[in-house]
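Beneath this line is the structure, given in structure tokens, with notes to follow.
What follows is calculated from the coordinates using simple rules that are stated; it is not laboratory data. These numbers were taken from a predicted model, which means no experiment stands behind them. Every residue, glycine as well, gets a Cβ built from its backbone with ideal geometry; the counts of neighbours run over all protein chains shown.
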Amino acid sequence: MKQRSLGRCGIMIGEVGLGCEGLLGKSDAYVNQALDTMNKAGANGIDLYSPNPQMRSALGKAMRGRRNKFVLEAHLCTIWQNDQYKRTRKMDEIKAGFEDQLARLGTDYLDIGTIHYVDAMDDWQMVLDAGILDYARKLKKQGIIRAIGLSSHNPKVALKAVESGDIDVLLFSINPCYDLQPAGEDVEQLWNREKYKDKLVNMDPDRARLYESCARLGVGITVMKAFGGGDLLKAGQSLAGVALTVDQCIAYALDRPGVACVFAGAHSIEEIQASLDYANATPAQRDYAEALASFPRINWKGHCMYCGHCAPCPAGINVAEVTRLLNLALAQDNLPETVREHYAALPHKAGECLKCGECEKRCPFEVKARKNMAKAKEIFGN
């Protein structure tokens, strides 16, 4: 499986990883088989948000003797109380829960220690005021966590956290339906069917700004809810009105700027394998562009999805990549040096555009690629 760097922290993680929810209530043998399946496929990323003690212990047993084969994103601020999950902002509970987590997992470090579920501005302020971020900084300094993460469903809150400079990894909900919805503090509105009854046009600008900012700042993105809880895979339940495949959902998420890994939800070994098989999927199997263009109430007109349908360019320009770098540049008042360097490394520049329009004929979203190439030449100088 192809690996990607998790932004500036430099942790290498497979493009597809495993979300933990499907491990709840499963036997030690099942959890061990799940990790065996990951190992065989070359996958290494695991997201562990649940504080369920049985699951933590089962995962710890399964990792025994091979801890270094996995990139573990485990969460701060989740505890097990009265036989159920609880999110907490109380420091004594956070510390006790974290220590319990390390003990049950049988490890003395986490690759990513993620501050759990911050969807409101007031809550982000609480993370600062209650000493939670300070605690995460201390753990990182001690080497107990390698990177500080944060999970959110709200692009405005996530961007505020990312711009603080302390967050190395963002765990965020990404799929073609949620990306249409505006920022909000009620996560359940993302799958509220009433929100999808009227015509929707293009990606929410706050979400686009978040992804581009993460890419620019070197904040790695890991993805949750790529399948929308499984609804996007079923025609009768899909919020888009059209079913997508596992490969299409994963490819869509991985094409967003800054994304390194999709944590796939799965409730059986077969479902785990289906997601891991993305590594061997053909370009045709991964292609989501025509499916998105067929959504009955959703219009992506004019918005580049970086899908690559514009290729091949007669001049050899990677039109999708030039457009991605252009959007990163336009998101800032000044051209970031990292963006300039990535553009400079391209073998063919926007200035080589022949203005033939072949790319525009192939684009399912009617993106004005020639206009984008002219703008890129203006900004980058060639």
How long is the gain from K86 to L128 if the chain were fully straight, where each residue apart is worth 0.36 nm and the alpha carbon distance is subtracted?
13.1 nm
Output ordering of 221-229, 88-96, 114-122 (per-residue mean of other Cβ within 10 Å, highest first) is 221-229, 114-122, 88-96
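Would you calculate the convex hull of the Cα atoms in segment 319-380 and tell me its volume per residue in Å³?
Measuring per residue, one finds 77 Å³ for the Cα hull of segment 319-380.
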Order the peptides 264-272, 248-256 from the highest to the lowest mean number of other Cβ atoms within 10 Å of their residues.
248-256, 264-272
Rounded to whole Hz, the Karplus (6.51, -1.76, 1.60) HN-Hα couplings of segment 72-85, x for glycine and proline
9, 9, 10, 9, 7, 6, 10, 9, 9, 9, 6, 6, 8, 5
If you take the charge dipole of the chain about its Cα centre, with +1 on Lys and Arg Cβ and -1 on Asp and Glu Cβ, which of L335, V71, A136 is farthest toward its positive end?
L335
Remind me, relative contact order of the chain in percent, using alpha carbon pairs under 8 angstrom and six or more residues apart?
15 percent
Magnitude of the Cβ-charge dipole (Lys and Arg +1, Asp and Glu -1) of the chain about the Cα centre, nearest 20 debye, reported as 660 debye
How do the peptides 30-41, 161-172 rank, highest first, by the average count of neighbouring beta carbon atoms within 10 Å per residue?
161-172, 30-41
Net charge contributed by nearby residues that have their C-beta within less than 14 Å of R64 (K/R +1, D/E -1):
+3
What is the local net charge at T107, summed over the other residues whose Cβ is closer than 14 Å to its Cβ (Lys, Arg +1; Asp, Glu -1)?
+3
Going Cα to Cα from K377, which lysines come in below 25 Å? Please leave out same-chain ones fewer than 8 positions away.
K301, K349, K355, K361, K368
In terms of modelled amide H atoms, which long-range or inter-chain residues lie less than 5 Å from the amide H of K90?
none
Rounded to 0.05, the calculated FRET efficiency for the beta carbons of S57 and H348 at R₀ = 41 Å is 0.15
In Å, the C-alpha Rg and Dmax of the chain are 20.9, 66
Calculated P(r) of segment 67-168 - Cα pairs past 25 Å, %
15 percent
Taking a temperature of 4 °C and a viscosity of 1.567 mPa s, what whole-number D in µm²/s does Stokes-Einstein yield for segment 239-382 with Rh from Kirkwood over alpha carbon pairs?
78 µm²/s
Shape metrics for segment 152-233, restricted to C-alpha atoms - Rg then Dmax, Å:
12.7, 39
